[in-house]
Amino acid sequence: GESVGLHLPTLSVQEGDNSIINCAYSNSASDYFIWYKQESGKGPQFIIDIRSNMDKRQGQRVTVLLNKTVKHLSLQIAATQPGDSAVYFCAENPNQGGKLIFGQGTELSVKP
Amino acid sequence: KAGVTQTPRYLIKTRGQQVTLSCSPISGHRSVSWYQQTPGQGLQFLFEYFSETQRNKGNFPGRFSGRQFSNSRSEMNVSTLELGDSALYLCASSKGQMNTEAFFGQGTRLTVV
């Protein structure tokens, strides 16, 4: 039969603005989380990770926030640039070796 | 340091055939995981190999199998291909300990006709 594509949430921002991408995760046992960026035709690229004993972690222009109470992750990108345009995925490790469970992704579009 | 290498990048196969995909992890990484990415289902976990043993398995039929060699390189095989197996197959490598970064290759684009 015909497959129905996932309707990716989209976020459109102006170049130079800050972006916030949200993600809800499913497993209370998950103790490690990663954000990936995927550009068209490429594999997911590691951006930043956070362990469950932290609620915030900062990288270069990116910050990840973790709220375990409501099982929510967010990725903040400062001074968004056209090169940041991509699909962003959150992934959780449900405490099962290297297995990752991915969210559906958010498509970020940066307008120059 | 070389990244994760997947070969081939593109494949076209006919229904009923079988296919083998290869993944060379980052040097020193002992864990290789495989994922299937489709527009309909997103990124789904297939299986993980660590030190030549399957450590985790996703919810895919037995037509999907894999193995890992002593040098940590991994292969996955899909037998009796179906049209629905058309997807981007991605592998990720990590050191294998809990809560360590996983890095992806560029993927193999499989088209089944």
Legend entry - Total residues in region A:32-51, condition in a loop (DSSP other than H, G, I, E, B) and under 13 Å from A:Cys90 (Cα atoms): 1
Legend entry - Whichever residue in region B:14-70 is over 24 Å from A:Lys42 (Cα atoms) and touching a residue at least 60 places away in the same chain (Cβ under 8 Å) and, among such residues, is most open to solvent (accessible area, probe 1.4 Å): B:Arg15
Legend entry - Qualifying residue in region B:90-107 (condition: open to solvent by 10 Å² or more (accessible area, probe 1.4 Å), closer than 18 Å to B:Gln41 by Cα, part of a loop (DSSP other than H, G, I, E, B) and within 12 Å of another protein chain (Cβ to nearest Cβ)): no
Legend entry - Matching residues in region B:32-58 - criterion: being in a loop (DSSP other than H, G, I, E, B) and among the charged types (D, E, K, R): B:Glu52
Legend entry - Within region A:52-82, tally of residues that are open to solvent by 80 Å² or more (accessible area, probe 1.4 Å) and either within 14 Å of another protein chain (Cβ to nearest Cβ) or outside any loop (DSSP other than H, G, I, E, B) (or both): 4
Legend entry - Some residue of region A:34-41 being at pLDDT below 95, of a type in the set (S, T, N, Q), open to solvent by 70 Å² or more (accessible area, probe 1.4 Å) and over 14 Å from the mean Cα position of the chain (by Cα): yes
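The values are calculated or read from the model by the stated rules, or taken from the named source; none is laboratory data. Source: prediction; values computed, not measured. Positions of Cβ are backbone-derived with ideal geometry, glycine not excepted, and every protein chain shown enters the neighbour counts. The area values use the complete protein model at the heavy-atom level, side chains included, leaving out ligands, DNA and RNA. Shrake-Rupley method; radii C 1.70, N 1.55, O 1.52, S 1.80 Å.
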